[in-house]
1. Yes or no: Leu90 in contact (Cβ under 8 Å) with a residue 40 or more places away in the chain, part of a helix (DSSP H, G or I) and not small (Gly, Ala, Ser)?
2. Looking at Gly279 and the list (1) closer than 23 Å to Ile230 by Cα; (2) touching a residue at least 60 places away in the same chain (Cβ under 8 Å), which single condition is not satisfied?
3. Being part of a loop (DSSP other than H, G, I, E, B), modelled with pLDDT under 95, assigned by TED's automatic domain parsing to the domain that holds Arg73 and of a type in the set (Asp, Glu) narrows it down to one of Asp114, Asp144, so name that one.
4. Kindly indicate the residue of the range 44-63 that is over 21 Å from Leu238 (Cα atoms) and touching a residue at least 40 places away in the same chain (Cβ under 8 Å) and also surrounded by the most Cβ atoms within 10 Å (Cβ to Cβ) among those meeting that condition.
5. What residue, of Leu122, Leu134, is farther than 23 Å from Ile230 by Cβ and surrounded by fewer than 19 Cβ atoms within 10 Å (Cβ to Cβ)?
6. Within the group Ala326, Ala337, which residue is modelled with pLDDT under 90 and either touching a Leu at 6+ places or on another chain (Cβ under 6 Å) or surrounded by 15 or more Cβ atoms within 10 Å (Cβ to Cβ) (or both)?
7. I want to confirm something. Restricting to the range 48-85 and keeping residues that are in a loop (DSSP other than H, G, I, E, B) and modelled with pLDDT of 95 or more, which single residue is farthest from Gln165 (Cα to Cα)?
8. So, in the range 192-206, of the ones that are modelled with pLDDT under 90 and part of a loop (DSSP other than H, G, I, E, B), which residue ends up nearest to the chain's Cα centre (by Cα)?
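The values are calculated or read from the model by the stated rules, or taken from the named source; none is laboratory data. Computed from a prediction, not measured in an experiment: that's the story for all the values here. Glycine gets a Cβ as well: all are built from the backbone with ideal geometry, and neighbour counts include every protein chain shown.
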Amino acid sequence: MSTLFPPAVCPRLIVKIGSALLVDPDGSVRREWLAGIAADIAARAREGQQVAVVSSGAIALGARRLGLAKGGRASLEDAQAAAATGQIALSQVWAEVLGAEGLTAAQMLVTLDDLEHRRRYLNASATLDRLLTLGVVPIINENDSVATEEIRFGDNDRLAARVAQAAGAAGVLLLSDIDGLYDRNPADPAAVHIPRVERIDGSIEGMADAGSASGMGSGGMVSKISAARIANSAGADLSIASGRIARPLSTPARHTLFVAEKAATARKAWLAGGLTAAGRLIIDSGAVEALKGGASLLAAGVRGVEGSFDRGDMLDIVGPDGRVIARGLAEYPHGDAIAIAGLARDGQEAVLGYTPRNTMVHRDHMALL
């Protein structure tokens with residue numbers, strides 16, 4: 001067992017810290033533990049590593065200050081109020097512990113839309129890059145004070161993976177209340193720890209448990225595996241490790257490492273990591289094979305169209321077995337897509353009344369999953 005993501009091989013690292021690690025059940029900050037994290041970040045910075053932190057805890061802190069039931073999660077309105085109150089306290093704590101180590105903290109609050117829309121994603125990416133280049137430690141959280149149930153990440157595991165894409169990070173470390181992936185619920189005495197995952201497939205996904213052990217957070221192993229898929233698609237390794245130890249960034253400990261695939265282009269990594277889709281195209285087996293061979297998606301291979309979308313919207317591309325195999329940008333609005341689904345090119349113009357485009361989804365605007 002070795003220290004995770006050493007600076008020599010990981011110039012940029014994203015560290016995600018869950019609510020249960022930052023905040024005790026009574027709602028107070030675990031300041032001594034957090035000071036240890038700050039010391040570890042400072043040590044890595046001196047070795048040349050740039051670190052950004054995705055920090056949970058705002059809702060838990062705000063709920064204590066407002067006296068809200070169920071840790072501030074009894075309703076969306078309570079969560080938003082708790083987040084607005086707790087975020088300022090959380091930022092202050094981070095500024096203090098990092099400042100004690102001679103580091104400057106910056107706050108970035110993002111929403112799902114900020115990272116799902118390409119132009120806003122690029123803006124966030126540029127801000128992150130500049131902060132990290134300046135030696136600042138960005139403290140990032142979802143803007144829960146304005147997020148809704150329909151438009152939100154829902155957990156900071158996937159947010160951390162998306163931030164890694166935007167920052168061009170080589171590693172993502174999810175510090176949690178568990179030391180990695182097990183072949184079944186770790187509460188089972190027969191559960192076996194999985195130290196390394198080379199490929200995320202159905203057998204790996206089947207090991208996930210959706211529960212959050214602390215009751216304070218919003219993510220379980222399902223969200224962590226989803227985060228690993230997003231990070232790996234962008235060429236970043238991801239590790240799940242326990243934060244229930246002092247100085248977890250400098251103490252060798254058991255963990256699970258999800259190994260990155262060959263890095264995709266920045267645009268395709270953004271497409272692959274998308275969490276929202278305006279619609280779905282169901283395709284036949286022939287089209288599946290064509291896409292795997294690097295082809296664009298033609299209307300002739302589409303067997304069904306779902307959702308309401310415009311040209312340029314993100315779509316899931318689904319095989320005959322119901323599995324999402326790719327994600328891409330629509331070349332047609334949904335009405336036209338429905339009209340030409342299954343048709344060869346020579347039959348499309350008569351239906352549309354204009355010369356059709358060459359593809360339903362072009363390969364340059366598509367990422368296989």
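1. Against the criterion (in contact (Cβ under 8 Å) with a residue 40 or more places away in the chain, part of a helix (DSSP H, G or I) and not small (Gly, Ala, Ser)), Leu90 qualifies.
2. (2)
3. Checking each option against the conditions leaves just Asp144.
4. Ile59
5. The match here is Leu134.
6. Ala326
7. Gly48
8. If we take residues in the range 192-206 being modelled with pLDDT under 90 and part of a loop (DSSP other than H, G, I, E, B), then Ile200 is nearest to the chain's Cα centre (by Cα).
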